[in-house]
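The values are calculated or read from the model by the stated rules, or taken from the named source; none is laboratory data. All values reported here derive from a predicted model rather than from experimental measurement. SASA here: full protein model, heavy atoms, side chains in, ligands and nucleic acids out. Shrake-Rupley method; radii C 1.70, N 1.55, O 1.52, S 1.80 Å.
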Amino acid sequence: NKTNYPTAKLLAPSAITYTNLSDGGLIFIDGSEPATGSLTDYNSTKEIAKAKTLVLVGRYEGVHPTLEVCELRANENDAIFANMHLKTFAGATSSFAKNSGATKYTSLKFYDSFFEPVKQAIYQLNSVNVCFKEIVFDNSIVKMFPAADTSLVAMNGANRTYNEVSSIVINNTVIYSETLFSGYVIWGQTSSAVCNMPNLTIKVTGSTISG
């Protein structure tokens, strides 16, 4: 509402830019045009939710505006996506974060959304500087990329400790691949190169994993 979000915007997918999303706030995306929005610059200085929480919502129920994403970073704020179709950019290994800049999400939440394809991970954690506190997948569909070691959330970095990472929630969500492959829902390195997450709680309810 205008009390909580006095500067709420309505954008076409083709009008989405880093500048539009860096200030945060509530943004509705009009799904009536076939165009795809694009946030595919690897530049670590470009961030979403830079000033405050970002809430990005597909305007019409059941119509998922498409946004192509590449290692999106934030600045210690929340990012919430609802009723969206998120595609991982062909040249990227992850949709959100990776290993550049101070790009911490307080929370990253997805509701009623569709992901396609997840090339290596939706969220790839390669440094303590790019961690998150909470990730939520709710009532969503995730199409996995059929390649070895593909994962929903990847936590990399030999012998690193991520004290801030506290919660991963997967509720009423379908995670699948059209081709059988060996991958992970949540990956935390190998037994010889352990990632430590002493405060992490993982909760999976009412979900289907197939592939």
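Rounded to a whole number, what % of the accessible area of segment 7-83 do carbon and sulfur atoms account for, probe 1.4 Å?
Details: 1590 of 3270 Å².
Answer for segment 7-83 is 49 percent, counting heavy atoms of protein chains only.
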Subject >> Gly31 long-range amide H proximity, modeled H, under 5 Å >> reply: Arg59, Tyr60
Subject >> Under 5 Å, built H, 5+ apart or other chain: amide partners of Val55 >> reply: Gly25, Leu26, Ile27, Ile80
**OP:** Search the structure for amide H atoms under 5 Å from the amide H of Ile48, placed 1.01 Å from N in the peptide plane, and list their residues when 5 or more places away or on another chain.
**Re:** Arg73, Ala74
Original post:
HN-Hα J couplings of segment 107-120 from phi, Karplus 6.51/-1.76/1.60, θ = phi - 60°, integer Hz, Gly and Pro as x?
Top reply: 8, 10, 10, 10, 10, 6, 10, 10, 10, 6, x, 8, 6, 10
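How would Val174, Val69, Val169 rank on accessible area, largest to smallest, probe 1.4 Å?
Numbers: Val174 60, Val69 0, Val169 35 Å².
Largest accessible area first, the residues go Val174, Val169, Val69.
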Original post:
List the lysines whose alpha-carbon lies under 23 Å from that of Lys9, not counting same-chain residues fewer than 8 positions away?
Top reply: Lys46, Lys50, Lys52, Lys87, Lys109
